[in-house]
1. Lys86: within 13 Å of the ligand (Cβ to nearest atom) and in contact with a Phe, Trp or Tyr (Cβ under 8 Å, 6 or more places away or on another chain), yes or no?
2. Just name the residue that is surrounded by the most Cβ atoms within 10 Å (Cβ to Cβ) out of those in the stretch 45-61 that are of a type outside the set (A, V, I, L, M) and in contact with a strand residue (DSSP E or B) (Cβ under 7 Å, 6 or more places away or on another chain).
3. Residues of the stretch 186-212 being closer than 21 Å to Glu139 by Cα, open to solvent by less than 20 Å² (accessible area, probe 1.4 Å) and in a helix (DSSP H, G or I), which ones?
4. Is it true that Leu30 is under 28 Å from Asp194 (Cβ atoms), under 17 Å from the mean Cα position of the chain (by Cα) and not β-branched (Val, Ile, Thr)?
5. May I ask you to list the residues in the stretch 62-77 that are open to solvent by 40 Å² or more (accessible area, probe 1.4 Å) and within 9 Å of the ligand (Cβ to nearest atom)?
6. Residues being open to solvent by less than 50 Å² (accessible area, probe 1.4 Å), among the basic types (Lys, Arg) and assigned to a helix (DSSP H, G or I): count how many of those fall in the stretch 140-185.
7. Filter the stretch 75-121 for residues that are under 19 Å from Ala57 (Cβ atoms), in a loop (DSSP other than H, G, I, E, B) and of a type in the set (Val, Ile, Thr) and give the result.
8. Tally the residues that are within 12 Å of the ligand (Cβ to nearest atom), of a type in the set (Asp, Glu), over 24 Å from Asp158 (Cα atoms) and free of Cβ contacts under 8 Å to residues at least 12 places away in the same chain, restricting the search to the stretch 13-61.
Amino acid sequence: MRVLVAGANGNTARRIVRGLVNGGYEVRGLVRKEEQTPNVRDDGAEPVLCDLEQEEANGAIGEAMEGCDAIIFAAGAGAGSGEARKETMDYGGAVKLVEAAESRGVQRYLILSSTGADDPEAREEAMRPYLSAKGRADERLRESSLDYTIIRPGRLTDDEGTGRIAAAESLGRRGEIPREDVAATFVAALENPDTIGKTFEILSGDVAIKEALERL
Ligand SMILES: NC(=O)c1ccc[n+]([C@@H]2O[C@H](COP(=O)([O-])OP(=O)(O)OC[C@H]3O[C@@H](n4cnc5c(N)ncnc54)[C@H](OP(=O)(O)O)[C@@H]3O)[C@@H](O)[C@H]2O)c1
């Protein structure tokens, strides 16, 4: 199985790429800058260059998707970016990939969303444009014909992973989770077809990842 990971030089995405490669998947890593390609190769994936915010990205996206069976969207505008890039990247970039997947028949699509994306108004004002962009991208994915899984982690940390999480449609609390555990959850979700059509939150917890997904 070949998987396209969007945002492959990102802090979480690199861990996803390495997890997939370790699991025996062929991985194509989409990055937007030439200087990011050595990291993708070091992680064991094939780099493809594409800036998801460029008007003319569709051709490059098509090439990137060629021969892929699944897509993991783990790109993001990042904490330092302004409101405009929440629209062009966190919403627009994700949706561009959804539409390309639909037109090219790449059926499986997993997205790295965020807790709070279901109700941006409930969060502090500074977070709302970001959470609104994430929530609307999730909504577009849910309305698509794709086999989607929407995974919404809390605050991401670089702590060592524990292999254990809490997962539920709504966890009803805030918290954090190591990027390593988020990455492992993506690999496990790809391997569990029962996660298709589901949207769920994840935080650090005490249930083994595979089991936590089986309980959803
Ligand atoms: N940080 C948190 O606490 C938190 C919590 C919940 C959810 N999330 C979500 O989790 C995801 C990953 O977070 P992270 O901290 O791992 O992110 P990250 O390290 O900032 O990685 C994001 C990646 O996306 C790439 N990217 C940005 N614009 C792009 C474009 N136009 N075309 C292609 N790639 C582009 C970035 O490349 P450049 O280096 O070139 O910009 C970067 O490699 C994000 O979607 C974020 O919204 C984050």
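1. Against the criterion (within 13 Å of the ligand (Cβ to nearest atom) and in contact with a Phe, Trp or Tyr (Cβ under 8 Å, 6 or more places away or on another chain)), Lys86 qualifies.
2. Cys50
3. If the condition is that a residue be closer than 21 Å to Glu139 by Cα, open to solvent by less than 20 Å² (accessible area, probe 1.4 Å) and in a helix (DSSP H, G or I), then Phe186, Ala189, Leu190, Thr195 are the ones that fit.
4. yes
5. Scanning the stretch 62-77 gives a single hit, Gly76.
6. Summing the residues that are open to solvent by less than 50 Å² (accessible area, probe 1.4 Å), among the basic types (Lys, Arg) and assigned to a helix (DSSP H, G or I) in the stretch 140-185 gives 1.
7. The answer is Val106, and nothing else.
8. Qualifying residue count, the stretch 13-61: 1.
The values are calculated or read from the model by the stated rules, or taken from the named source; none is laboratory data. Worth saying up front: this structure is predicted, and the values here are computed from it rather than measured. Glycine gets a Cβ as well: all are built from the backbone with ideal geometry, and neighbour counts include every protein chain shown. Heads up: the accessible areas ignore ligands, DNA and RNA and are worked out on the full protein's heavy atoms, side chains in. Shrake-Rupley method; radii C 1.70, N 1.55, O 1.52, S 1.80 Å.
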